[in-house]
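In what follows, a single structure is set out as structure tokens and then discussed.
All of the numbers you see were taken from the coordinates with simple rules; none came from a lab. Given the structure is predicted, the values throughout are model-derived calculations rather than measurements. Neighbour counts run over all protein chains shown; Cβ positions are idealised from the backbone, glycine included.
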Amino acid sequence: MNSALRISHVGLRGIVGKGLTATHVMEFAAAFGTFLEPGRPVVLGRDPRLSGNMIREGVVASLLGCGHDVIDLGVVSTPVVQHAIQRLDAAGGIAISASHNTIDWNALRFFGPSGIYLNTAEAGELLDIYHLRRFRYEEWNRLGKLVVVDTAIDAYLDGLERVFDLESLRPLKVVVDCCNGTSALILRRMNERFGCGFILINERVDGRTVAHTPNTSASIVELQLGPLMKPLGADAGFLFDMDADRVALADEQGRGISEEMILPMLADHLLPSSVGKLVIANLSSTALLEDVAARHGGRVLRVPVGRQAAIDALSTYRPEQIALAGEGTGAVMMPQFRFVYDGIASMLAILTMMRQRGQSVSEILAGYPKHHILKAEIPLTSSNIPALLIELQGLYPDGQMDRSDGLRISWPDRWFHVRVSQTEPIIRVIAEQRGAEPRELFESLLERVRSLN
């Protein structure tokens, strides 16, 4: 098991040099160039990781060799890439970004002509091309050409301006931890164009260092933003991963709010005015979502963890049936933005919610029933995961079982989920309970997983 490289339906991801090499990059990009409709351009963008330069060169070479023009947007967030695909009538796009992984990781993320992630069937076809090495390279006179575009962020902001009343949000004082990633480039430009007063920290973008692990956990929010909130008189604080597709929240008191709360808050905000009443969420997301959806006549569809499962679910419903989709990592898709995971849009929606209700973050959160969720990551050292899940299943026979993604067992007031991550060599253990913490259940699960892994 190569823990430094992961090739799956999710795409290509790994530690650069140790696992992910130039050969992997070029062959996967060639597979994608072969998979896409011939004769149409491909949009490319990357986050600022230093390895992105090397990977970009390999991706460009392979796509040009497959006869596709490449529209290179430079250093931009993945949502900017996704928005640009339809606008530029491209065959698809690639984002070079490992999102929440540490700085030594990088990844290729693939999108179809609609600008959304590939569904399971499409990803399976791409993997087949890659493993069979059946690449469609063109003759010298049919190679693609490279076009560099530096206006993608402004075009993306045009789209945000059509949905949000940015001027009305100016009175709110907002602190943002950019994690030295693409959100800094977007929010600087928002400040310039619209007179927003976002106060940015960790905004230097150099690709070599990051101020902290680029994930959206409440503990990092509290450490980075907590000490600043009261002294600055801030109304809200937000923290992004390097790719700006995930976001976390701090309240006006400086408390880090679990990233799990982003999806329920946005469901509470969007469902009342949405024609569609369906909320798509994964098996690991908080059960508070069911409580919020019920308030507004909505329902929650639970799917396996992973963006492909959400895309597969989206494709089975008409867009007007869906209010929003997302996961408990602070990644949310809204129909106004073609169902693109977009942390910047999520931030603006929460600020709009605060303005419209005249409530602070803490006041909004106080209106929800209390759920306590505990999470842990255990290094993956065994390949005998099925035996582990069977053992756990036997220990909790009285709960409702779901084995579509690892093992999830639920009761009326609590649930747990044990699964292997698709993007990292770890086992994730999550338990949640209404009211008190599920500490006894959680500790028992950790003990079992560690002993059987």
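Structure notes:
- In percent, rounded to a whole number, the relative contact order of region 210-272 is 33, using alpha-carbon pairs under 8 Å and six or more apart.
- Listed by number, the DSSP H helices of the chain that run 15 Å or longer by alpha-carbon position along their axis and have mean Kyte hydropathy of at least 0.0 are 22-35, 52-65, 120-132, 152-163, 343-357, 385-395.
- Relative to the current alpha-carbon distance between Ala121 and Gln253, full extension at 0.36 nm per residue lengthens the span by 42.9 nm.
- The radius of gyration of the Cα set in region 92-235, together with its Dmax, comes out at 19.8, 63 angstrom.
- Taking the fewest neighbouring Cβ atoms within 10 Å as the starting point, the ordered list for Arg46, Arg188 is Arg188, Arg46.
- Estimated dipole of the chain in Debye, rounded to 20 [Cβ of Lys and Arg +1, of Asp and Glu -1, Cα centre]: 200
- Full-extension gain in nm, Glu167 to Ser404, via 0.36 nm per residue minus C-alpha separation: 80.8 nm
- For region 308-369 versus region 156-221, the inter-centroid distance based on Cα atoms is 18 Å.
- Nonlocal amide H pairs with Ile426, under 5 Å, H built at 1.01 Å: Leu380, Ser421
- Ordered by the count of other Cβ atoms within 10 Å of each Cβ, fewest first, Tyr130, Tyr137 give Tyr137, Tyr130.
- Ordering Ala309, Cys196, Thr286 by Cα displacement along the dipole of the chain toward the positive end leaves Ala309 in first place; charges were set at the Cβ atoms of Lys, Arg (+1) and Asp, Glu (-1).
- Per residue, the average separation of C-alpha pairs within less than 8 Å and at least 6 apart gives region 259-361 a relative contact order of 32 percent.
- Annotation: extensible slack from Arg189 through Arg204 equals 4.0 nm (criterion: 0.36 nm per residue apart, minus Cα-Cα distance).
- Evaluated at q = 0.11, 0.13 Å⁻¹: base-10 log I(q)/I(0), Debye formula over Cα of region 172-257: -0.25, -0.35
- Amide H to amide H, with H built 1.01 Å from N, Lys277 comes under 5 Å of Ala323, counting only residues 5 or more places away or on other chains.
- Estimated distance in nm for a label pair at Lys145 and Ser315, the labels positioned 7 Å out from Cα along Cα-to-Cβ: 3.4
- Radius, Kirkwood style, for region 5-152 when every pair of distinct Cα atoms is counted (Å): 14.8
- Considering only alpha-carbon pairs that sit under 8 angstrom and 6 or more positions apart, the relative contact order computed for the chain is 13 percent.
- Alpha carbon centroid spacing (whole Å) that separates region 392-452 from region 67-94: 39
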